[in-house]
Every structure is written in structure tokens, then in C-alpha cells.
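Working notes, structure below.
Each value in this text was obtained by applying a stated rule to the coordinates, not by laboratory testing. Model, not experiment: these values are computed from the prediction. We place every Cβ from the backbone using ideal geometry, glycine too, and count neighbours over all the protein chains shown.
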Amino acid sequence: MRIPTVTTNMGDADRVGRLMAGATIGFLFIRLRLGPPWYTTMGVITLYLLTTALLAWDPIYAVFRYTTRSPTDASSTVRKVE
């Protein structure tokens, strides 16, 4: 049985931006003491940004068949391990 692979649809700049935004919102999430609706919203946004940045795959991009990856991105190069 062959295991399907997920093609990355996110470029390096997009990943770095998401990591920085996720870390900033996560810091504010911990630092600020907001009410329950904001607390939950900031937590979900933080998890979404950090998870998609680490996976280099965004489900919203996949639905619309959009990609920010280019052939010169570091994540685009595949090395064969022997």
C-alpha cells in the first residue's frame, strides 16, 4: 500500500511570516489577560499559523489550488538520501 504525500504549497517567506505572526500573537495571547471570546480566538489563530508554518501546507491554499512556493525556495529542493 502506498502512502500519499502532501505537496507543500507555501514558500519560505510565507512560512517565516507565519512563524513571526504566530509567535507574536502567541506572546500577546499569554501576556494579555483578555476575556473568553478573545482568548479563544487568539489561541486558535496562533495554533493555525504555527501549525501551517511548520507543515509548509495550508488547507485554505489547497482548497483554492493556490501556492506561494517557487522553485528557488529551500523547501522545494529535494535531496535523495542513500
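Longest stretch of the chain clear of exposed loop sites (chymotrypsin sites (Phe, Trp or Tyr not before Pro), DSSP loop, at most 13 other Cβ atoms within 10 Å, sites excluded): 1-63. Oblate is the label for the range 12-66, because the ratio a/c of its alpha-carbon gyration tensor axes (a ≥ b ≥ c) is 1.5 or higher and a/b is not greater than b/c. Of the residues Gly11, Gly22, Gly43, the one that moves most in a GNM of the chain with alpha-carbon contacts below 10 Å is Gly43. In a fully extended conformation the segment linking Ile60 and Trp38 would gain 5.7 nm over its present Cα-Cα distance, using 0.36 nm per residue. Taking 7 Å steps out from each Cα toward its Cβ at Thr51 and Ile30 produces label points 2.0 nm apart. Of Thr67, Thr52, Thr41, the sequence from fewest to most neighbouring Cβ atoms within 10 angstrom is Thr41, Thr67, Thr52.
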